Amino acid sequence: MKKFSPSYSLCNMLLFSSKSLQKIRRKIANKNAYIVQGIVSNSEYFLANILDCPILADEFELTNTIFTKSGSKRVFELTNIPFPISAWDIQTEAEFYETLADLIKKYLHVNVWLFKIDNEINGRGIAYVQLDKIKSFVELKKEKNNNSITDETFLVDLKNTLIKVFMKLNH
C-alpha cells in the first residue's frame, strides 16, 4: 500500500477505501447525484466511473488555466475587478528578477512582497521578502530617494541585490 503524502488528493484516498465507496453508492442509489470538481484529473474520472455518477466540471484546459494564480489574475484583469499590485505568467528566473525589480522601482514604498507559484496548492509555494530588513536594499533605496543614482543604475543594482538575496535563501 502507498504511503499517504500531502500531494495525495482526497479522491485518490477514497479510491483506496472500498467501504467508503460502498457507503457512497448506497447514499446516491436512485438519486440524481453528480461529482462537482474544480480541476478534474484521471482520479475523478475513475471515481465517477466506479460510482456511475457524472462529473459537473468545465473543460480541462479552461479549468487548468483559470484555477492557477496567474489564470485568476487574467480573469480579474478581463473583468476590471481591482486586484493588488502583481505580475503573472512569469516563466523564467531571469524574468522573475526583472519583473520584481520593475515592480519595486514603481512601488518603492512597498516593503513586503509576496510570491505565489502557480502549480502549488494548500498554501505551498508561497514565500515573501521583507525589503526593509535587507541592508543593501535600504542603502540602495536611500541613494534612489536622494537622486544619487539614475533609474537605469537603480534597476541594475536592485536586480543584482535581489539575485544575491534569493541565492542566500536557497543555500
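Check each of the trypsin sites (Lys or Arg not before Pro) in the range 18-59 and keep only those in coil by DSSP with at most 11 other C-beta atoms within 10 angstrom; list them in order.
For trypsin sites (Lys or Arg not before Pro) across the range 18-59 that sit outside H, G, I, E and B with at most 11 neighbouring Cβ atoms in 10 Å, the list reads Lys31.
Work out from phi, with θ = phi - 60° and the Karplus expression 6.51 cos²θ - 1.76 cosθ + 1.60, the ³J(HN,Hα) of each residue of the range 142-147, listed in order in whole Hz, and give x for Gly and Pro.
4, 4, 5, 5, 8, 6
Full-extension gain between Leu51 and Lys105, please, as 0.36 nm times their residue separation minus the C-alpha to C-alpha distance.
14.0 nm
Length gain on complete extension for the stretch Arg74 to Ser41, per 0.36 nm per residue less the alpha carbon to alpha carbon distance?
Going from the current span to full extension adds 9.6 nm.
Between Ile149 and Arg25, what is the label-to-label distance in nm when each label sits 7 Å out along the Cα-to-Cβ direction?
It is 6.8 nm.
Where nothing but the Cβ of Lys and Arg (+1) and of Asp and Glu (-1) is charged, how large is the charge dipole of the range 10-64 around its Cα centre, in debye to the nearest 20?
Its charge dipole is roughly 600 debye.
Given the Cα-Cα distance of Asp132 and Asn32 and 0.36 nm per residue of separation, how much length would full extension add, in nm?
Value of the extension gain: 30.3 nm.
We did not get these values from a lab; they are worked out from the coordinates using the rules stated. What you are looking at is a predicted structure, and each value in this text was computed from that prediction instead of being measured. With ideal geometry, Cβ positions are generated from the backbone for all residues, glycine too; neighbour counts draw on all protein chains shown.
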